[in-house]
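Written below as structure tokens is the structure these notes are about.
Just so it is clear, none of the values below were taken in a lab; they were calculated from the coordinates. Because the structure is predicted, anything quoted here is derived from the model rather than measured. Note: ideal-geometry Cβ built from the backbone for every residue, glycine included; neighbour counts use all protein chains shown.
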């Protein structure tokens with residue numbers, strides 16, 4: 001009996017502890033559920049309210065930074081003839097505006113080197129001869145040239161490169177040379193500056209698409225024939241007139257600089273007269289040459305005399321075949337020296353001028369001719385009066 005009572009008490013004790021354990025577990029589970037629900041409420045419910053508070057209480061967002069201020073592109077002033085509508089008309093290609101532009105040599109040569117793909121121009125124009133005068137100052141023989149050009153307007157262009165210090169305003173407005181000076185730089189005999197001036201003259205003349213032939217002259221040059229004869233001779237020629245020959249002596253190969261190798265070898269070195277008559281193709285070659293000309297600029301000092309060697313050497317190196325291999329400018333070298341003989345008033349006779357005009361034999365367009373020179377040099381200023389007196393009859397100025 002006693003044992004049964006003990007077992008009953010033990011059973012009741014276990015049941016009580018079990019009920020307590022179940023109650024505690026229920027409370028823990030209930031608390032866990034309450035916590036879970038609260039957590040979900042906080043995560044889901046409150047953020048909207050908080051977001052509304054943030055949206056209404058926070059200061060408005062800063063505007064995006066302004067883009068950096070960009071300078072407007074530099075506009076290069078168009079210096080050619082531009083019409084009211086803003087495009088270049090036909091006159092802009094055959095009358096390219098004021099000769100005294102503000103282009104530097106680099107820009108000038110670049111613009112002049114532009115070549116249209118089509119050789120046929122979309123407008124009619126007369127073929128012109130460009131007369132390029134490389135002078136020290138004024139043109140003492142200008143009155144003779146005035147007579148030469150008279151009545152032939154539209155068939156020629158004139159470009160003058162003189163010393164920058166010379167006052168060109170002294171040229172009268174009635175003169176054919178008025179307004180014909182291009183931007184100039186100082187030129188010294190025997191230096192590369194002479195070639196710089198020649199390229200400057202060519203580049204300015206190339207801006208006029210109607211210029212088909214280009215003749216280099218000096219202030220001491222005179223025409224030996226009337227304008228129609230000179231014009232026809234130049235325009236109808238199938239060749240250019242550049243003298244090219246090999247001089248093995250002290251005034252030829254001895255001027256060669258070995259530093260020019262390998263671009264120019266001694267066997268390619270050539271010499272010739274400075275005074276040329278050429279077409280647009282060769283003129284383009286000269287002003288756009290970026291291989292040989294820089295070598296002459298850098299290494300061909302006075303003893304080299306670039307004006308006598310650059311063009312003949314260039315034509316030889318590039319195997320140019322379309323040359324008559326002679327100059328059209330007569331000069332008297334019989335007395336020797338670095339310069340031809342000067343011709344003053346007392347030396348001028350009909351016989352001398354006739355010898356210049358018809359005293360030689362040469363080939364023109366494959367045919368023999370006695371007209372080998374169109375111009376003569378070096379005439380002194382005091383020769384003007386006699387030349388003007390002889391020209392109308394001897395040279396047929398004003399004739400056709």
Here the relative contact order (percent) of the stretch 198-326, from C-alpha pairs under 8 Å and at least 6 apart, is 36 percent
Ranked on Cβ counts within 10 Å of their own Cβ, fewest leading, 389, 357 go 389, 357
Everything considered on the Cα gyration tensor (a ≥ b ≥ c; rounded for a/c under 1.5, else prolate if a/b is larger than b/c, else oblate), the stretch 144-258 must be described as oblate
Semi-axes of the stretch 206-247's equivalent ellipsoid from the Cα gyration tensor, sqrt of 5 times each eigenvalue, largest first, rounded to whole Å? 19, 16, 13
Please compute the contact order of the stretch 149-219 in relative form: average sequence separation of alpha-carbon pairs under 8 Å and at least six residues apart, divided by the residue count, as a percent. 31 percent
If you take the square roots of the eigenvalues of the alpha-carbon gyration tensor of the stretch 279-372 and sort them as a ≥ b ≥ c, do you get rounded (a/c under 1.5), prolate (a/b over b/c) or oblate? oblate
Can you tell me how much longer the chain between residue 347 and residue 268 gets when fully stretched, taken as 0.36 nm per residue apart minus their C-alpha distance, in nm with one decimal? 24.5 nm
Ranked from highest to lowest mean number of other Cβ atoms within 10 Å per residue, what is the order of the peptides 138-145, 249-256, 306-313? 306-313, 138-145, 249-256
Could you state the orientation-averaged shadow area of the convex hull built on the Cα atoms of the stretch 317-394, in nm² to one decimal? 7.2 nm²
If you take the Cα atoms of the stretch 200-274, find Rg, then find the Kirkwood Rh from the mean of 1/r over all pairs, what is Rg/Rh? 1.08
Binning every alpha carbon pair distance of the stretch 191-326 at 5 Å from zero, what are the percents per bin? 2, 10, 20, 23, 21, 13, 7, 4, 1, 0
Of all the Cα-Cα pairs you can form in the stretch 255-330, what percent are over 22 Å apart? 19 percent
At R0 = 35 Å, FRET efficiency that the Cβ-Cβ distance of residue 110 and residue 325 yields, to 0.05: 0.65
What number, in percent, do you get for the relative contact order of the stretch 304-400 if the mean sequence gap of Cα pairs under 8 Å and at least 6 apart is divided by its residue count? 28 percent
